[in-house]
Amino acid sequence: QYRMNIPLFFPSLDLLTEWHYTYRVVNERTWDGISGDVKNASKISGVLGSDIPDPNNEFDRNAIRYWLKFSDFYQWPHIIYFNSTDELVIKLKTTNLAQVSSNMKVYNANVRKHLFEQWRQILQRTNSL
């Protein structure tokens with residue numbers, strides 16, 4: 001939907017963290033979460049520093065929040081975030097969707113241009129090998 005310039009509404013990072021911690025709403029966040037067999041640690045120890053929480057810990061709000069922040073919808077501009085369902089209703093009623101879509105269109109065009117240029121450079125380098 002993002003690449004089609006369709007305005008998107010998502011819970012704020014704090015709200016999604018709380019929803020996931022309480023209700024497991026993002027069950028595909030971890031492989032074990034898909035089967036409902038959630039864990040507090042990875043089966044195989046990783047090489048992450050001690051300041052980086054285990055990505056498979058479903059019982060630590062900080063770990064959940066840390067890894068959710070890398071989701072696409074927290075990376076892209078022009079996403080509309082809400083902190084409660086009441087706020088979502090207000091934003092659904094008051095957001096200028098045409099303007100948001102227009103902003104997304106400009107951003108997407110710039111991304112496309114940048115990606116084409118990157119691929120052009122890659123192909124030029126491989127062609128010279």
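Helix-only arithmetic for the chain: the sum of -39500 (n - 2.57) across DSSP H runs with n ≥ 4, divided by the residue total, places the mean residue ellipticity at 222 nm at -16000 deg cm²/dmol.
Using only the Cα atoms of the range 77-129, each taken as one equal point scatterer with no solvent, compute I(q) by the Debye sum, divide by I(0), and report log10 of the ratio at q = 0.28, 0.31 Å⁻¹. The calculated log intensity ratios at q = 0.28, 0.31 Å⁻¹ are -1.00, -1.08. Cβ crowding within 10 Å ranks Ile79, Ile52 as Ile52, Ile79, fewest other Cβ atoms first.
The length gained by stretching the chain between Thr85 and Thr22 to full extension, at 0.36 nm per residue less their Cα-Cα distance, is 21.1 nm.
Counted residue by residue at 0.36 nm each, then reduced by the alpha carbon distance between them, the extension gain from Phe73 to Arg125 reaches 15.5 nm. Dipole of the chain computed with +1 at Lys/Arg Cβ and -1 at Asp/Glu Cβ about the Cα centre; of Thr126, Asn108, His78, farthest Cα towards the positive end is Thr126. With R₀ set to 22 Å, the beta-carbon distance separating Leu8 from Asn40 gives a calculated FRET efficiency near 0.10. Ordered by the number of other Cβ atoms lying within 10 Å of each residue's own Cβ, fewest first, Ser42, Ser84, Ser50 fall into the sequence Ser50, Ser84, Ser42. Does the chain come out rounded, prolate or oblate, given a ≥ b ≥ c as the square roots of the eigenvalues of its C-alpha gyration tensor, rounded meaning a/c under 1.5 and, failing that, prolate meaning a/b above b/c? Oblate.
Since every read-out is calculated from the coordinates, none of them should be taken as a lab result. All of these numbers come straight from a predicted model, not from anything done at the bench. A quick note on method: Cβ atoms are made from the backbone with ideal geometry, for glycine too, and the neighbour counts reach across all protein chains shown.
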